[in-house]
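Shown next, in structure tokens, is the structure this report addresses.
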Amino acid sequence: MASSWQKPVAPIEPMPPVAVTMGDPAGIGLDILITALSRDKTGELPSLVLVADPSVVAERARLLGCRIALKILAADAASLEPVSGQLTVLPVACAAPVIPGRPDAANGPAAIKSIELSVRIVQAGRASALLTNPIAKHVLRDAGFAHPGHTEFLGELAHLLWGVAAHPVMMLVAPELKVVPVTVHMPLASVPSHLTQALIVEAGVATARALGADFGITGPRLAVCGLNPHAGEGGLLGNEERTVIAPAIEALRSAGISTSGPHSADTLFHAAARQTYDAVLAMYHDQGLIPLKTLAFDEGVNVTLGLPFVRTSPDHGTAFGIAGSGRATPTSFVAALNLAHAMARRRSGTQA
């Protein structure tokens, strides 16, 4: 059965729009947004404000053959309220011409500014949530971006703007599965040395809290993967299950969180097993993302837990090879937009 976040939430009372970042302007971020809006003939999608270069948006719409009317705001606009039939754009100028499929580090600062400005309007209450379009980490690195990716930058902005020490945790959400990778973007050889009891517990607590607060799941159940084949086979294939993972599971149970494992990952993701938990803690990136993307390649949404604001993102990259071609599917973007709106509404108390 499809989850409720896949469908637009019926209006209960007016909500500020979702702030959407430009992402890498040469990638498919603008494609999927424009395509989604052009297909939304009945106005069911949640309202949004796009923080991007209006001229790039207009040219991409022309290239895709989509008619999109833009409402371009002044930088100090008092209101971000959308107008029916128009795409509201808060301007951020690109420094160099944008050619789909050809990323340019000269436009990295504009992509970074789009993220920061979007977070600022969320912090000010002018937007209800944040949806980030895909960036290319290597392009931003060449532009002087000092962070490994979106998540770390958002954690820094949370500290700067909210004054909180954020501990961001990535959750991948699909209709049939929710997965949290405890370690994320690092070489596989580095995982064992980075995997600690404290890291697993931190991820588990953030996951359980989000399942209740953002997804309305009472008494959430976590399943924890082992690191090694067959969850270590009693120490024959590795000791991390006994020395690190099992103690973390006991700590989560002591905190009142229903937690099982360590489980052998090769038997944890089939249909019957998925009925026994609400989310999985995977020990490394591909351990959790391979089954999720196999089940729902176009429907997955990246959610950042542990922030003082809602953040979602399509669960795919910039796909430079198809940017501007009209072949990019907006399914994950639509799911991310609907989920951001639903989470923000739940946090505001206007949705049970």
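Selection of region 185-232 for residues being surrounded by 18 or more Cβ atoms within 10 Å (Cβ to Cβ) and in a loop (DSSP other than H, G, I, E, B) yields Leu195, Asp214, Phe215, Pro220, Gly226, Leu227, Asn228.
Quick one: count up the residues across region 111-145 that are of a type outside the set (Phe, Trp, Tyr) and more than 16 Å from Leu80 (Cα to Cα). Walk me through how you get there before you give the answer.
Going residue by residue through region 111-145, those that are of a type outside the set (Phe, Trp, Tyr) are 111-144.
Next cut, more than 16 Å from Leu80 (Cα to Cα) only: 111-113, 115-116, 132-144.
So the count comes out to 18.
In this structure, does Gly149 turn out to be in contact with a Lys or Arg (Cβ under 6 Å, 6 or more places away or on another chain) and surrounded by fewer than 23 Cβ atoms within 10 Å (Cβ to Cβ)? Taking the combined requirement at face value, the residue satisfies it.
Scanning region 33-67 for residues that are farther than 19 Å from Thr318 by Cβ and in a helix (DSSP H, G or I) returns Leu37, Ser38, Arg39, Pro54, Ser55, Ala58, Arg62.
Residue-wise test of (1) without any contact (Cβ under 8 Å) to a residue 40 or more places away in the chain; (2) farther than 23 Å from Ala328 by Cα.
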site: Arg67; (1), (2): yes, no
site: Leu70; (1), (2): yes, no
site: Ala77; (1), (2): yes, yes
site: Leu80; (1), (2): no, yes
site: Leu87; (1), (2): no, no
site: Leu90; (1), (2): no, yes
site: Ala106; (1), (2): yes, yes
site: Pro109; (1), (2): yes, yes
site: Ala127; (1), (2): no, yes
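Of the residues screened, Leu339 is not one that is under 13 Å from Val173 (Cβ atoms) and assigned by TED's automatic domain parsing to the domain that holds Ile245. Here Gly235 clears all of (1) over 17 Å from the mean Cα position of the chain (by Cα); (2) at pLDDT below 95; (3) surrounded by 24 or more Cβ atoms within 10 Å (Cβ to Cβ) except the condition numbered (3). If Pro175 satisfies every condition in (1) touching a Phe, Trp or Tyr at 6+ places or on another chain (Cβ under 7 Å); (2) touching a residue at least 24 places away in the same chain (Cβ under 8 Å) but one, which is the exception? Looking at each condition in turn, Pro175 falls short on (1). Scan region 93-103 and give yes if some residue there is touching a Leu at 6+ places or on another chain (Cβ under 9 Å), modelled with pLDDT of 95 or more and closer than 30 Å to Gly204 by Cα, otherwise no. Checking region 93-103: not a single residue is touching a Leu at 6+ places or on another chain (Cβ under 9 Å), modelled with pLDDT of 95 or more and closer than 30 Å to Gly204 by Cα.
Hey, any hits in region 197-204 for a residue that's out of contact with any Asp or Glu (no Cβ under 6 Å at 6 or more places or on another chain), farther than 22 Å from Asp278 by Cα and of a type outside the set (Phe, Trp, Tyr)?
Pass one, region 197-204, residues out of contact with any Asp or Glu (no Cβ under 6 Å at 6 or more places or on another chain): 197-204.
Narrowing the set further to residues that are farther than 22 Å from Asp278 by Cα leaves none.
No: region 197-204 contains no residue that is out of contact with any Asp or Glu (no Cβ under 6 Å at 6 or more places or on another chain), farther than 22 Å from Asp278 by Cα and of a type outside the set (Phe, Trp, Tyr).
Looking for whichever is outside the structural domain of Ala198 (by TED's automatic domain parsing) and at pLDDT 95 or above here; the options are Ala323, Ala352. Which one fits? Checking each option against the conditions leaves just Ala323. Exactly one residue out of Ile121, Ile99 is more than 22 Å from Gly326 (Cα to Cα) and either without any contact (Cβ under 8 Å) to a residue 40 or more places away in the chain or not charged (D, E, K, R) (or both), and it is Ile121.
The values are calculated or read from the model by the stated rules, or taken from the named source; none is laboratory data. Here the structure is a predicted model, which is why all the values come from computation and not from measurement. Cβ coordinates were reconstructed from backbone atoms using ideal geometry, including for glycine residues, and neighbour counts include every protein chain displayed.
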